[in-house]
Amino acid sequence: MRCPVLPPSEAERLVALRHYGFADERPLPELEPVVRIAARMFDAKFALVNMIGHDHVFFAASTGIDEVDMSRDVSFCAHAILQQGVMVVPDARTDERFHDNPLVTGDDGIRFYAGIPLRSLDGHALGVLCVIDSKASRIFTAEDEARLVELARMAEDRLELRRIDVCASEAPLPENRPDPAAFGPPRTAGIDPLTGLDDRAQFYRKVEQALLHGTAAAVILVDLDGFKDINSILGPDLGDEILQLAAHRLRDGADADALAVARLGGDEFAVLAPLAQDAAALALAARLQEAIAIAVPLTGQEVRVTASCGVALSPAHTVEPVTLIGNADLALNQAKAGGAGGRAVYTPDLRSAAMERRVYCLDLHRAAARGEFVLFYQPQVRLADGALTGAEALIRWIHPTRGLLTPAAFLPQLEKGRLVGAVGTWVIDEACAQAARWMRSGAGDFRMAVNIFGAQFHAGDLVRDVSQALGRHGLAPEALELELTENIVLSGDDAVLEALHRLRAMGIGIAFDDFGTGYASLSMLTQYPLTRIKIDRSFVGRMLQSPREAAVAGAIIGIGRELGLSITAEGIETEDQRAHLAARRCAEGQGYLFGRPMPAGAFEAAFALEAPAERRASSG
């Protein structure tokens, strides 16, 4: 067992630990939500916030484990505080630092560990947020590390508020309402170097001070609309100049008795004002927006910047600093949802909706980790004779309490999060594996269609993932077809076009799904390496009653034929629809007439596809 070395500034680190109120080594209830979220997010047996004392480690918060008196010499976290980022131990029994550690060698010992230091404002590692399991070789991706870092920032914010509370408790509070001058000017350490405003930590301190003194306070968060695009077009130097101008205008536009004006990071700013009513806070938000919206002359052109604002009030909405700022952030999200230049005040239903989204997001992470996603398959047939030509793989979620969920119930949330790339890769792999099994069982020329998420072109390497899936399952490239939706095509992203050309060069089919329903132009059919057009079900469903719909469907078939593209009609539900399309030389179709989406076993039974092992057994 290798004992951890001491950080170079160990004496200063221990002093900082006392400043955060851990001299009595009691747990910190405010950190309990952080470890509970960590345990659920990573499906870990234990999640802890360990504070590192002089010669031992103590729990500030924990879930899944009771209090343990642990020496610093055996602690994984004592090693983790020496790291700048996340320390991951996939299997402690094969790690020279821990293989003979008593925490590892026991029957239910530590096998997997991931921890990140929690630092004071001046950079000292006070402790570690970690997730631990008794199972080894768990994959901990870069995405997982990013999520652990995000939780660590949440824990550090709560630690900082504790430090402020400790400092406040050591000095008598003034009896009268504080003068705004008592909140500034900020220390140099609390100043944002780009704008000269208070930084994030300083703003949190001032919110805490105001609420400790009983001051009625409004937090107004201000976010510049479309700043990412502005920064990309004009470049970071001019982007910084815009941030500096916005900061100057916010400072001038804030009320004279405002308690703080801050830059929280990126293009997000905040104002703390002694206001108690919605109307007054919204009026100040409107003035801040007007101040920012003045045109900025840069590089010979005028750039007009707008901003959205979210407002939360204390004591009306909460008397807890972190919650107050969080409420303002929820209001800001609501304001931005309505378009640029919006304003919104926090209401309790915003938090309820956010909690539902958060829980749903955690559910999605659990679903991916525990294999709750499954694929259903809808047959695709030749319209002339009904022969099976392939299937479209469609994702479903077997939720432990809500039952079988269709994509409409979860894809919008999934596509907003970081899981979408991993789930998309799994879909490709699982669909390729199933297609290979069916082709080995005698399915003949069979084509598996898979829907692609837009994020897969940027989260990882789609071409590599597809190539590896084909090789892993021995599937020919011609047996796989990737379906694109209009939003992917309309992005005009060069990375998308390049990846599609590489995939097509491999022999993989490229289909344009739901063609004709949106804004995609005919030029898209020549710009992209397509092999198939899918006629949307909306045209198929109405074409026998509407000459216009029939004309559109016929035109798509004609265009596809002239361009040498295959055509598949979706949503065929009646024999009359099949006959109409077949007469117009539409080659293939799918829809309830031929079969609904179904599990693999039901698909095999419906189309007499035996599993390879079963075929061998019957022939023997």
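Read-outs: derived from the displayed coordinates by stated rules, not from any lab. Values in this document were obtained by computation on a predicted structure and should not be read as measured data. A quick note on method: Cβ atoms are made from the backbone with ideal geometry, for glycine too, and the neighbour counts reach across all protein chains shown.
Each label point was placed 7 Å from the Cα along the Cα-to-Cβ direction; for residue 467 and residue 216 their separation is 6.6 nm. Computed with the Debye formula from one identical point scatterer per Cα of the stretch 10-165, without solvent, the log10 of I(q)/I(0) at q = 0.11, 0.18 Å⁻¹ comes to -0.38, -1.06. In this label model, residue 143 and residue 340 are separated by 3.1 nm, measuring between points 7 Å along each Cα→Cβ vector. The mean sequence separation of alpha-carbon pairs under 8 Å and at least six residues apart, normalised by the residue count of the chain, gives a relative contact order of 8 percent.
Computed from Cα atoms, the angle from the helix 10-19 axis to the main principal axis of the chain rounds to 80 degrees. Could you pull out the chymotrypsin sites (Phe, Trp or Tyr not before Pro) across the stretch 507-612 that fall in loop regions by DSSP (anything but H, G, I, E, B) with no more than 10 other Cβ atoms inside 10 Å? Here the chymotrypsin sites (Phe, Trp or Tyr not before Pro) that fit, given the DSSP loop and packing criteria, are 519.
Residue separation of residue 244 and residue 279 scaled by 0.36 nm, minus their Cα-Cα distance, works out to 9.8 nm of gained length.
As a proxy for reagent exposure, ranking 546, 120, 467, 314 by other Cβ atoms within 10 Å from fewest up yields 546, 467, 120, 314. By the beta-carbon count within 10 Å of each Cβ, the least crowded to most crowded order of 397, 426, fewest first, is 426, 397. The long axis of helix 420-438 is offset from the longest Cα principal axis of the chain by roughly 30 degrees.
How many percent of the alpha carbon pairs in the chain exceed a separation of 36 Å? Beyond 36 Å sits 53 percent of the P(r) for the chain.
R0 = 35 Å: FRET efficiency of residue 135 with residue 602, Cβ-based, nearest 0.05? The formula returns an efficiency of 0.55 here. Extending 7 Å from Cα along the Cβ direction at residue 255 and again at residue 319 yields two label points whose distance is 2.1 nm. To the nearest Å, what is the center-to-center distance of the stretch 558-574 and the stretch 200-228, using C-alpha atoms only? That distance is 57 Å.
For residue 593 and residue 54 in one chain, what is 0.36 nm times their gap in residues minus the Cα-Cα distance, to one decimal in nm?
On the way: separation 539, 0.36 × 539 = 194.04 nm, distance 7.28 nm.
That pair, residue 593 and residue 54, stretches by 186.8 nm at full extension.
Between residue 306 and residue 82, the FRET efficiency from the beta-carbon distance, with R0 = 41 Å, is close to 0.35. Of the Cα atoms belonging to the stretch 348-456, the radius of gyration and Dmax stand at 16.7, 59 Å. For residue 445, put the label point 7 Å out on the Cα→Cβ axis and report which residues of the stretch 587-607 keep their amide N under 13 Å from it. Within reach of a label on residue 445, which here means backbone N under 13 Å from a point 7 Å along Cα→Cβ, the stretch 587-607 contributes 588.
Rounded to 0.05, the FRET efficiency of the residue 96 and residue 12 pair, given R0 = 41 Å and the Cβ-Cβ distance, is 0.85. Listed by Cβ neighbour count within 10 Å, with the fewest neighbours leading, 346, 204 appear as 204, 346.
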